[in-house]
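**Student:** Before anything else, here's the structure in question.
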C-alpha cells in the first residue's frame, strides 16, 4: 500500500514520509563514513557503498 502526499503528485511507502512531502519539508541526501551514527536520518541504506561510505535521507524544513 502506498500513501499520497498533500499535493497527490507523489506516492510513499510510509505514511510519515507522505505527511511531510509537499507540506513544508524537503528530503535531502546525507553521506558519511561507515560506523558514523546517522541518527538524524529517517532512512539509512543497509549496505555501505564502495569505500565504506554510508548514505541516508532526512526531512528538513523548506
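A short reminder: the numbers here are calculations on the coordinates, not readings from a lab. Just so it is clear, the structure is predicted and the values come from calculations on it, not from any experiment. As a convention, Cβ positions derive from the backbone with ideal geometry for all residues, glycine included, and neighbour counts pool all protein chains shown.
**Student:** Once you treat every alpha carbon in the stretch 3-61 as an equal point and sum by Debye, what is log10 I(q)/I(0) at q = 0.20, 0.23, 0.25 Å⁻¹?
**Tutor:** -0.74, -0.86, -0.94
**Student:** Could you line up 4, 58 from fewest to most neighbouring Cβ atoms inside 10 Å?
**Tutor:** 4, 58
**Student:** Need the full-extension length gain, residue 27 to residue 57, defined as separation in residues times 0.36 nm minus the C-alpha distance. One decimal, nm.
**Tutor:** Going from the current span to full extension adds 10.2 nm.
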